[in-house]
Amino acid sequence: MSKYYDIFNGDADGICALHQLRLEEPRDATRITGVKRDVSLLERVDAAAGDEITVLDISMKTNVSALARLLGRGVKCRYFDHHAAGVIPTHARLSAHIDTAPDVCTSLIVDRYLSGRQRAWAVVAAFGDNLVAPAIAAAQPLELDHTELARLHELGDCLNYNAYGETIDDLHYPPEDLYEAIMPYRDPLQFMIDEPVFDVLKNAYHEDLERAEAIQAEFADDRAALYVLPDAAWCRRVNGLFGNRLAQEHARRAHAVLVTKPGGYTVSVRAPVSNPQGADVLCSRFASGGGRKGAAGINLLPSSELTAFIEAFRAAYAP
């Protein structure tokens with residue numbers, strides 16, 4: 001008997017992309033996920049000929065070797081993603097839905113695939129990915145009032161906040177548990193009313209964000225700003241959302257948020273919202289770096305490369 005596997009990023013986009021798909025196509029599947037930066041997930045899949053995998057919101061470029069191995073075994077794959085993909089394999093068992101445009105996230109790709117039938121969850125994900133204008137545009141057919149739209153924005157931020165951390169222990173909820181809490185709900189607004197996990201995330205998010213906002217920038221001008229956060233669990237949780245908040249408040253400025261860790265830093269880069277380009281190129285210059293045009297990161301920037309990163313960041317956004 002064929003087995004099914006759902007492999008998804010543990011952030012708002014990955015969770016909401018899978019949720020949209022499974023609301024329309026219910027399936028008993030083995031789920032594989034992790035923290036936001038844990039993207040080499042296909043290596044964990046032990047599928048065999050005749051099995052089917054669905055991959056959502058993880059870089060094909062990072063997983064291409066494992067993907068080739070699985071396709072070679074006779075596994076069928078649907079792949080939805082918006083990160084830089086590299087060369088997409090041509091294979092009869094691969095159905096690739098890849099769009100790397102800076103105003104698209106994986107949940108919006110799935111929304112397109114489903115002809116908008118679970119649109120509200122795509123809006124949540126787009127907000128979580130800091131795609132505010134695309135989220136508002138996608139929400140137009142839903143005829144939400146201002147308060148309801150703001151609530152979906154808040155939910156997207158909270159779901160995304162939960163994915164940031166070095167390990168699962170840094171998170172408030174393992175991403176698979178968070179997905180299981182969301183599973184019964186077709187309406188994200190009802191989820192926010194009924195599920196206490198939302199209030200836990202909301203309160204913790206605002207507490208961590210308040211701490212981050214008290215930290216002074218290492219440098220900041222009209223074109224670029226860089227912040228360094230200490231080695232603490234709350235910093236690992238909030239760094240991405242802190243970068244998103246800065247990007248929305250200063251739309252013409254690029255931002256880099258570094259979190260101190262043994263041997264170096266974790267880096268989150270946000271290109272200017274007014275011109276969301278180049279973050280992926282910048283971060284890909286460093287080992288363990290990658291992402292998308294508007295937002296990218298480096299899993300470990302060695303301390304010895306900090307100066308080189310700052311010079312490259314300034315050259316990219318504040319020449």
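Straight-line reach from residue 261: taking Cα to Cα under 20 Å and skipping same-chain neighbours fewer than 8 places apart, the lysines in range are 36.
Counting other Cβ atoms within 10 Å, keep those with at most 13, restrict to DSSP loop, and tell me which trypsin sites (Lys or Arg not before Pro) in the range 219-279 are left.
Numbers: sites: 223, 236, 237, 245, 252, 253, 270; in loops: 223, 252, 253.
Qualifying residues, ordered by number: 252.
Beyond 29 Å, how much of the Cα-Cα pair distribution for the chain remains, as a whole percent? The partial results should precede the final answer.
Values: 16686 of 50721 pairs.
I get 33 percent for the Cα pairs in the chain exceeding 29 Å.
Can you compute the FRET efficiency between residue 194 and residue 31 using 1/(1 + (r/R0)^6), with r the Cβ-Cβ distance and R0 = 30 Å? Round to the nearest 0.05. The pair residue 194/residue 31 has a calculated efficiency of 0.85.
Assign unit charges at the C-beta atoms only (+1 for Lys and Arg, -1 for Asp and Glu), then state the dipole size of the chain relative to its Cα centre in Debye, rounded to the nearest 20.
Working: 32 positive and 44 negative charges, 235 e Å.
I would put it at about 1140 debye.
Note on the range 180-226: dipole from Cβ charges, positive end direction compared against 226, 206, 188; the farthest Cα belongs to 188. Along the chain, the longest continuous region that contains none of the GluC sites (Glu not before Pro) in a DSSP loop with at most 12 other C-beta atoms within 10 Å is 1-142.
Placing +1 on the Cβ of every Lys and Arg and -1 on the Cβ of every Asp and Glu, with nothing else charged, gives the range 196-244 a dipole about its Cα centre of roughly 180 debye. Around the Cα centre of the range 71-214, unit charges on the Cβ atoms of Lys, Arg, Asp and Glu (plus for the first two, minus for the last two) sum to a dipole of about 1100 debye.
What accessible area, in Å² to the nearest ten, does a 1.4 Å probe give for residue 222? Solvent-accessible area, nearest 10 Å²: 130 Å². With helices as the sole contributors, the chain gives -13000 deg cm²/dmol at 222 nm; each DSSP H run of n ≥ 4 counts as -39500 (n - 2.57), and the sum is divided by every residue. The simple spin-label model puts a point 7 Å past each Cα toward its Cβ; for residue 221 and residue 183 those points are separated by 5.3 nm.
So which trypsin sites (Lys or Arg not before Pro) in the range 146-206 end up in coil per DSSP with only 13 or fewer other C-beta atoms within 10 Å? Those that pass, being in a loop and sparsely packed, are 186. Placing unit charges on the Cβ atoms of the charged side chains and taking the dipole of the chain about its Cα centre, the candidate lying farthest along the positive direction among 155, 90, 282 is 90.
Solvent-accessible area assigned to carbon and sulfur over the range 152-243 amounts to 46 percent, based on a 1.4 Å probe. Loop-resident trypsin sites (Lys or Arg not before Pro) (DSSP state other than H, G, I, E or B) in the range 1-94 with no more than 12 further Cβ atoms inside 10 Å of their Cβ: 27.
The values are calculated or read from the model by the stated rules, or taken from the named source; none is laboratory data. Everything numeric here is computed off the predicted structure, so don't read it as measured data. Don't worry about glycine lacking a Cβ; one is built from the backbone with ideal geometry, like all the others, and counts go over all protein chains shown. SASA here: full protein model, heavy atoms, side chains in, ligands and nucleic acids out. Shrake-Rupley method; radii C 1.70, N 1.55, O 1.52, S 1.80 Å.
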